[in-house]
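Here's the structure, in structure tokens; my notes come after.
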Amino acid sequence: MSDSKRTGNRDISELKQRLGLKKGGPAAGQNRGSSGQTAGIAPPPGLAPPSPPQPVIPNAADDPFGAMNAMAAVGTVQRAPEIVIVNDGKPVENVGSSSLNARIAMMAIPGVLALIVGIAIGKVGTGASHYNEGLAGAKDLLENEKSLKKTVADLERVLDEHKAKNNYKPDTGVDKELTAIAARLEVKPAAYALARNITNEGDVAAQTLSFYGALQELKGMLDTHLKSAKSDDQAFVAAKKAGEDKQLKPGENAYLAHNWRYAVVVTAPATCGEGDKGKDCDLPFGAHFVELGPPVCDGKVNPSGKCAEGATLTGHAYRSDPGKETFTPGELQTQGNDQIPSKKLLPLIDNGVIRSVLQGNEQTASEMLYGKRLRTISERAKKLIQDANKLEPLLQTQANKGTRFTFFM
């Protein structure tokens, strides 16, 4: 009985000692001198301090309660992560390349989307900016068109006045006016740039460029004319002097002064019999180009060029050979019917052929070319005025439009 009690007490004592409930000495399995010897001693430099001793976990087969208490004090032991190996049949290099491509794609896709959005916004802003530039250009082109239209109108006016006054004959005064107008017809290169940037609604840009092209052509024609006009003016002066020499002077014939000194006399042979010799039977049939001379007063030639007071003008003298000094009296025919009388003086009608013969071919050709150039320039100026009248409202419409929003300044 006493042995059994002693045995039970020993088992309880051992259990308390294992559970750490027994007061007094250290638990079983602990190194009693280790903590006492190292406590308060710093490790040498470069040497890490020793880790604190871990409690000894009893064997659960021998002492299940002690093992449970020790595990609770230390903490639950974590399970090591498991590594699962999967064989997908691809080399290791391909696996790394795929992941790298995926990362690159994830970074590149947002950049590409941002770039596309930026390009779209840029195109919209650029289009609006060009549209606004076109509107501003339309206003400048409108003012330029009005100025050039006025210049062309001045050119048309000068040419119309010259035609009415002198029938496009060479005139140095008119040439000076045309030179001043040609300087104002200059189309600056900036105008072409504005015309290209302007909106092409209603074919405005094309019509503007066409108008400027026609202006440049007109200016080229005017410049060419003015260069040729210098020699034409000189030829015209020479022709004018030659023409004056071919006209009668007041001292030669006061009644026909400043008219051509030449006329035409028509002759026809008379019907003569055997005894009618000397009655103009031997005259040839045709027109004679003769030179006019002094007047005939009361049937007599008066070399003074004018009939004396009280005398009557009855005709004009003429000769068919300039070398002859004597003149034949003749009667000037100024009107008639279908029948042309013979042995009458017929006046010359002033025309280009007569001028060419009397003044010289070169001088006459210069005068004709001068007039032809001015006629062509006048026709082109009138056409440009019509084009300007069509273009002006189109430019006005563009200039009145509102601007568009743009991100660009």
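Every number here is computed from the coordinates shown, using simple stated rules; none is lab data. On a predicted model such as this, the values are computed, not experimentally measured, just so you know. Here the Cβ is made from the backbone with ideal geometry for all residues, glycine too, and neighbour counts use every protein chain on show.
Would you list 223, 232 from fewest to most Cβ contacts within 10 Å?
Fewest-to-most ranking of 223, 232: 223, 232.
Quick query: amide H of residue 345 versus all other amide H atoms, modeled in the peptide plane; which residues come in under 5 Å with a sequence gap of 5 or more or a different chain?
331, 332, 333
Given a Förster radius of 25 Å and the C-beta distance between residue 230 and residue 183 as r, what FRET efficiency does 1/(1 + (r/R0)^6) yield to the nearest 0.05?
Once the sixth-power term is evaluated, E becomes 0.90.
What are the residues whose amide H is under 5 Å from the amide H of residue 168, where those residues sit 5 or more places off or on another chain and H is modelled from the backbone?
163
So for 147, 378, fewest C-beta neighbours within 10 Å to most, what's the order?
Ranked by crowding around the Cβ, least crowded first: 147, 378.
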